[in-house]
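Undergrad: Pasting in a structure now, in structure tokens, and then I'll have a few things to ask.
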Amino acid sequence: MSIRAITALALLFATSAHAETVWDMHINFPTGNFDTQNAIRFADAVKAETNGDVVINVMAGGSLGLKGPEVLGAVRDGIVPIAHFHLDTTVGDEPFFGIQGQPYLTRNFDDAAKLDALARPVYEQIAERNNQKILYSVFWPGAHLYTKTPIVEVADLETLKIRTANKSSTEFLSDVGAAPALMPWADALVALASGGLDGIATSATSGVDGKFWEFMDAVTTTSYVNPTAVVSVNLDSFNKLSAENQQIIADIAERMQPEFRGVAEQEDSVRLKELADAGMTVSEPSEALSAALEEAAEKQWDHFVETAGPDARPVLDAYLLERN
């Protein structure tokens with residue numbers, strides 16, 4: 001064999017030995033969003049601790065062209081190898097994922113953690129049958145009501161067309177007289193800008209991301225749900241990695257998850273201040289409004305257990321026992 005051939009062969013082996021696995025991660029939210037920043041930190045840690053073997057490109061702002069309800073299937077089918085998405089957006093395919101989105105079921109981050117601990121084994125089973133693995137999850141700040149004027153009493157919600165992110169919130173707001181519209185985030189921003197919506201139910205983070213002060217004047221801090229977002233990886237892609245790199249990535253996710261959740265806990269107060277500084281009126285709901293909303297919410301819990309499969313009732317009951 002010639003020296004030239006030996007050199008070429010050696011170069012081929014060296015290149016193969018250091019070949020990267022590159023994953024493009026879908027995420028709907030802009031680069032400045034706290035959970036996009038969490039994902040970027042995760043990707044940086046993966047690259048560093050796998051010595052560059054695994055590179056995750058965080059594709060912010062929905063730049064891969066996927067909408068919320070499409071993402072579970074896109075990861076399942078390998079259209080994208082890894083994605084960030086809210087469990088709320090998947091209930092059309094997997095109703096049990098809707099447990100964390102039930103209105104007034106979790107009222108703070110501690111409640112969300114209790115529910116997640118009980119639901120996580122079921123989440124993992126669902127992920128596996130959808131050909132994926134949940135790496136980590138983050139509880140988002142509570143959902144508030146954004147409208148043109150403050151919501152003082154239930155009657156103020158009557159006929160308002162309010163965007164919701166999941167079926168249970170849609171039915172919940174319908175029960176209190178609003179005219180909710182279930183739609184993906186990207187579509188909601190278009191509808192808001194065109195005057196097709198009277199309001200949106202979402203977090204303070206999303207309120208800042210969407211610059212809601214350009215369209216509405218009031219935020220009523222109902223905080224009626226702490227929705228769960230996950231980063232999930234296609235199992236075929238994950239299993240192609242070496243056992244060592246699989247373990248490294250799983251360990252990073254486990255180690256960083258509490259940090260990411262801590263970032264989320266700080267978000268609500270920071271972003272509500274930004275909304276107020278931008279000119280929006282930020283007000284707490286009255287006791288009467290809160291009581292009426294919670295009464296309506298409990299009806300959704302019963303409906304959920306009837307439609308979300310055999311695991312729904314035992315997990316819900318165990319959670320309520322622990323919460324109370």
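The values are calculated or read from the model by the stated rules, or taken from the named source; none is laboratory data. Since the structure is predicted, the reported quantities are computational estimates derived from the model, not experimental observations. In this analysis, Cβ positions are derived from the backbone assuming ideal geometry, glycine residues included, and neighbour counts consider all displayed protein chains.
Undergrad: Quick check on the range 300-311. Is at least one of its residues closer than 27 Å to ILE82 by Cα, hydrophobic (A, V, I, L, M, F, W, C) and outside the structural domain of ILE126 (by TED's automatic domain parsing)? Explain how you work it out, then say what you get.
TA: To start, the set of residues in the range 300-311 that are closer than 27 Å to ILE82 by Cα comprises 308-309, 311.
Checking the rest, the ones that are also hydrophobic (A, V, I, L, M, F, W, C) come to 308.
Still in the list and also outside the structural domain of ILE126 (by TED's automatic domain parsing): 308.
Yes, some residue in the range 300-311 is closer than 27 Å to ILE82 by Cα, hydrophobic (A, V, I, L, M, F, W, C) and outside the structural domain of ILE126 (by TED's automatic domain parsing).
Undergrad: Given (1) in contact with a Leu (Cβ under 7 Å, 6 or more places away or on another chain); (2) of a type outside the set (Gly, Ala, Ser); (3) surrounded by 19 or more Cβ atoms within 10 Å (Cβ to Cβ), identify the lone condition not met by TRP185.
TA: (1)
Undergrad: Now for a different question. Conditions first: (1) free of Cβ contacts under 8 Å to residues at least 40 places away in the same chain; (2) farther than 23 Å from THR106 by Cα; (3) buried (at least 16 other Cβ atoms within 10 Å of the Cβ); (4) among the basic types (Lys, Arg). ARG163 passes all but one, so which condition is the exception?
TA: With (1) free of Cβ contacts under 8 Å to residues at least 40 places away in the same chain; (2) farther than 23 Å from THR106 by Cα; (3) buried (at least 16 other Cβ atoms within 10 Å of the Cβ); (4) among the basic types (Lys, Arg) applied to ARG163, the lone miss is (2).
Undergrad: Residue by residue through the range 222-261, note down the ones that are of a type outside the set (Asp, Glu), under 19 Å from ASP110 (Cα atoms) and at pLDDT 95 or above. Spell out how you get there, then give the answer.
TA: Filtering the range 222-261 for residues of a type outside the set (Asp, Glu) gives 222-235, 237-243, 245-250, 252-253, 255-258, 260-261.
Adding the requirement that they be under 19 Å from ASP110 (Cα atoms) leaves 222-230, 255-258, 260-261.
Within the range 222-261, THR228, ALA229, VAL230, ARG255, MET256, GLN257, PRO258, PHE260, ARG261 qualify.
Undergrad: Which ones in the range 144-183 are closer than 15 Å to GLY207 by Cα and modelled with pLDDT under 90?
TA: ALA165
Yes or no, residue by residue, for (1) among the basic types (Lys, Arg); (2) over 27 Å from ASP175 (Cβ atoms); (3) buried (at least 24 other Cβ atoms within 10 Å of the Cβ); (4) at pLDDT 95 or above:
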residue: PHE96; (1), (2), (3), (4): no, no, no, yes
residue: PRO103; (1), (2), (3), (4): no, no, yes, no
residue: ARG120; (1), (2), (3), (4): yes, yes, no, yes
residue: GLN125; (1), (2), (3), (4): no, yes, no, yes
residue: ASN131; (1), (2), (3), (4): no, yes, no, yes
residue: SER137; (1), (2), (3), (4): no, yes, no, yes
residue: PRO141; (1), (2), (3), (4): no, no, yes, no
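Undergrad: On to the next question. Take the residues of the range 249-262 that are in contact with a strand residue (DSSP E or B) (Cβ under 8 Å, 6 or more places away or on another chain) and hydrophobic (A, V, I, L, M, F, W, C): which is farthest from LYS133 (Cα to Cα)?
TA: So the first thing to find is which residues in the range 249-262 are in contact with a strand residue (DSSP E or B) (Cβ under 8 Å, 6 or more places away or on another chain), and the list is 249-250, 253-254, 256-257, 260-261.
If we keep only those that are hydrophobic (A, V, I, L, M, F, W, C) as well, we get 249-250, 253, 256, 260.
On the way: ILE249: 12, ALA250: 10, ALA253: 11, MET256: 16, PHE260: 18 Å.
Among those that are in contact with a strand residue (DSSP E or B) (Cβ under 8 Å, 6 or more places away or on another chain) and hydrophobic (A, V, I, L, M, F, W, C), it is PHE260.
Undergrad: Looking at GLY73, GLY61, which one is among the small types (Gly, Ala, Ser), touching a Ser or Thr at 6+ places or on another chain (Cβ under 8 Å) and either within 21 Å of THR164 (Cα to Cα) or modelled with pLDDT of 95 or more (or both)? Full working, then the answer.
TA: Numbers: GLY73 fails: touching a Ser or Thr at 6+ places or on another chain (Cβ under 8 Å).
Among GLY73, GLY61, only GLY61 is among the small types (Gly, Ala, Ser), touching a Ser or Thr at 6+ places or on another chain (Cβ under 8 Å) and either within 21 Å of THR164 (Cα to Cα) or modelled with pLDDT of 95 or more (or both).
Undergrad: Of the conditions (1) within 24 Å of the chain's Cα centre (by Cα); (2) over 20 Å from ASN33 (Cα atoms), LEU145 clears all except one; give me its number.
TA: (2)
Undergrad: If you don't mind, there's one more thing I want to ask. Is there any pair linking a residue in the range 42-62 that is in the same structural domain as SER242 (by TED's automatic domain parsing) to one that is in a helix (DSSP H, G or I) and modelled with pLDDT under 95, with Cβ under 7 Å and at least six apart or on different chains, and which?
TA: GLY62/ALA186
Undergrad: A follow-up question, please. Could you tell me whether any residue of the range 203-218 is modelled with pLDDT of 95 or more and among the β-branched types (Val, Ile, Thr)?
TA: Scanning the range 203-218 turns up no residue that is modelled with pLDDT of 95 or more and among the β-branched types (Val, Ile, Thr).
Undergrad: Shifting gears a bit: So which residues in the range 241-250 are touching a residue at least 40 places away in the same chain (Cβ under 8 Å), surrounded by fewer than 19 Cβ atoms within 10 Å (Cβ to Cβ) and closer than 23 Å to HIS84 by Cβ, if there are any at all?
TA: Within the range 241-250, LEU241, ASN245, ALA250 meet the criteria.
Undergrad: Go through (1) surrounded by fewer than 20 Cβ atoms within 10 Å (Cβ to Cβ); (2) touching a Lys or Arg at 6+ places or on another chain (Cβ under 8 Å); (3) more than 20 Å from THR89 (Cα to Cα) one by one and return the number of the condition LYS211 breaks.
TA: (2)
Undergrad: Answer with yes or no whether GLU287 is in contact (Cβ under 8 Å) with a residue 24 or more places away in the chain and surrounded by fewer than 21 Cβ atoms within 10 Å (Cβ to Cβ).
TA: Values: in contact (Cβ under 8 Å) with a residue 24 or more places away in the chain: no; surrounded by fewer than 21 Cβ atoms within 10 Å (Cβ to Cβ): yes.
For GLU287, the condition - in contact (Cβ under 8 Å) with a residue 24 or more places away in the chain and surrounded by fewer than 21 Cβ atoms within 10 Å (Cβ to Cβ) - is not met.
Undergrad: Quick check on the range 106-128. Is at least one of its residues within 18 Å of SER237 (Cα to Cα), touching a residue at least 24 places away in the same chain (Cβ under 8 Å) and of a type in the set (D, E, K, R)?
TA: yes
Undergrad: Give just the number: which of (1) of a type outside the set (A, V, I, L, M, F, W, C); (2) surrounded by 12 or more Cβ atoms within 10 Å (Cβ to Cβ); (3) assigned to a helix (DSSP H, G or I); (4) modelled with pLDDT of 95 or more does GLU322 not satisfy?
TA: Only one criterion is unmet by GLU322, namely (4).
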